[in-house]
1. Which entry in [x] 22.3, 83; [y] 21.6, 72; [z] 43.9, 143 matches Rg and Dmax of the Cα atoms in Å derived from the coordinates of this structure?
2. As a test question: what accessible area, to the nearest 10 Å², does Asp392 have when a 1.4 Å probe is rolled over all protein chains in place?
3. Using r as the Cβ-Cβ distance of Asp342 and Glu149, and R0 as 35 Å, what FRET efficiency do you calculate, to the nearest 0.05?
4. Which of the pairs Lys145/Lys167; Lys145/Lys264; Lys167/Lys264; Lys42/Lys270 have their Cα atoms more than 19 Å apart in this structure?
5. Could you compute the FRET efficiency for Ala231 and Met275, with r as their C-beta to C-beta distance and R0 at 22 Å, rounded to 0.05?
6. Sort out for me the Cα centre separation of region 173-236 from region 305-366, rounded to whole Å.
7. Among DSSP beta bridges lying fully in the chain, give the percent that are antiparallel, nearest 5.
8. Can you pull the accessible area of Lys167 for me, 1.4 Å probe, Å² to the nearest 10?
Amino acid sequence: MLKNSMLILTLAMSQPVFAASLEVLHWWTAEGEVQSQLILKKALAEKDIKWQSFAITGEGGDSALRVLQMRSLSGTPPDAAQIKGPDIGEWAKVGMLENIDTLINTSNWPNIMPKVVRNTVTFDGNYMAVPINVHRVNWLWLNKKIFKELKLAIPQTWDEFFTVADKIKAAGYLPLALGGTAWQDALIFESMALSILGPEKYIKAFVDFDESVLNSPEMVVVFEKFKGLSAYTDKSIVDKDWYYASQLIATDQAAMQFMGDWAKGMWQAKGKTAMVDYLCVDVPESKGLYSYNIDSFVMFDKYAILPKNNVQILFSEILLSKKFQLEFNLSKGSIPIRNDIDMSNFDQCSQKSYADFKSSTLVPSFTQNLATTSQVQHIMIQIISNYFNDPDAQAEETVRLLSLAIHAMH
């Protein structure tokens with residue numbers, strides 16, 4: 001009996017004892033993202049805070065937002081949640097969020113982070129979320145082995161892309177890895193639209209919803225060219241998330257993928273190396289253009305009726321610390337939001353992203369919730385995806401439908 005008591009006592013003593021817990025809603029569920037999540041868990045544990053993961057899989061975060069709405073309406077929101085772009089303002093309007101300015105000292109933010117990052121988390125003159133990283137969305141990833149074997153040049157134009165895709169297809173490889181979910185279809189469209197329309201018209205169409213661009217002959221051309229990419233995808237792959245498609249690159253089954261650099265985090269977890277196993281190149285005809293996605297966390301104002309604790313304060317401070325910014329972004333495939341981080345340990349793709357972010361024309365990604373609210377984004381994505389997957393759908397009609405749907409939401 002004494003032995004059993006001693007064993008129980010030893011086991012109890014070996015378990016970490018936390019002063020508090022922090023429940024965080026997020027959608028980091030792919031392999032590389034889980035590794036990044038563990039870095040955050042460890043950083044919190046060092047502050048005696050237990051990471052209480054509330055992870056929701058699928059739909060690029062749409063599922064998570066629906067669950068968050070239900071939790072919030074029932075009066076039981078988490079401590080923090082992964083919310084981005086204009087959705088931050090939507091949550092702030094209803095008075096459910098903590099003002100970050102009241103949690104931590106934000107006076108040095110203008111010195112350590114770019115204006116575009118600060119603007120993304122600002123609502124009514126206050127910081128309402130803590131930004132943690134920048135992802136570039138308009139990347140084209142290439143399987144180096146296949147390109148070397150087939151002696152293919154990196155496509156610089158869309159005509160070159162289609163020529164290369166034909167050669168890859170003829171050689172028996174899948175030219176374009178695509179998981180077959182609506183947001184992945186729309187991500188390709190977004191990258192193509194930016195490269196063909198240019199940054200000014202992209203912003204007019206997908207941020208300002210300017211009818212003169214949104215419902216123009218140029219937009220019809222974008223849709224028609226976009227439809228041409230469907231011939232290079234695997235139609236049997238349906239409703240698979242992005243990391244399934246990225247896995248096809250890692251296993252030398254597919255040659256190319258349009259995806260944000262979160263894919264790099266997964267390849268890194270698989271032991272793949274940038275510029276050795278895969279290449280990161282500009283989307284054709286998009287040199288000098290940068291479509292960005294900024295991850296951020298909001299803190300829910302739940303301690304008005306509960307005893308106040310400092311978990312949200314410590315969480316915010318950790319997210320912005322130099323140590324976390326370095327370790328997390330190295331793992332996630334993204335770049336730090338702080339401009340005083342040593343980039344020498346990052347791979348060539350991250351270094352290119354970091355340099356391009358400083359020198360390129362920046363546009364917010366509408367597929368990643370940075371250009372509009374999730375409600376408008378969802379409608380846009382569905383219309384774009386339906387067109388891509390319907391052989392009979394016409395570009396002119398789809399352009400008209402997209403324009404009508406957007407204006408109905410405003």
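1. Evaluating Rg and Dmax of the Cα atoms in Å on these atoms matches [x].
2. For Asp392, solvent-accessible area is about 120 Å².
3. Values: r = 37 Å, r/R0 = 1.04.
Once rounded, the FRET efficiency stands at 0.45.
4. On the way: Lys145/Lys167 15 Å; Lys145/Lys264 17 Å; Lys167/Lys264 25 Å; Lys42/Lys270 21 Å.
From the list (Lys145/Lys167; Lys145/Lys264; Lys167/Lys264; Lys42/Lys270), the Cα-Cα distance tops 19 Å for Lys167/Lys264; Lys42/Lys270.
5. Details: r = 29 Å, r/R0 = 1.32.
Efficiency computed from Cβ-Cβ geometry: 0.15.
6. 28
7. Values: 22 of 38 bridges.
Looking only at bridges with both residues in the chain, the antiparallel portion is about 60 percent.
8. Here the residue's solvent-accessible area equals roughly 110 Å².
The values are calculated or read from the model by the stated rules, or taken from the named source; none is laboratory data. All values derive from a computational prediction rather than experimental measurement. Please note: Cβ atoms are built from the backbone with ideal geometry, for glycine as well, and neighbour counts cover all protein chains shown. With ligands, DNA and RNA removed, areas are computed over all heavy atoms of the protein, side chains included. Shrake-Rupley method; radii C 1.70, N 1.55, O 1.52, S 1.80 Å.
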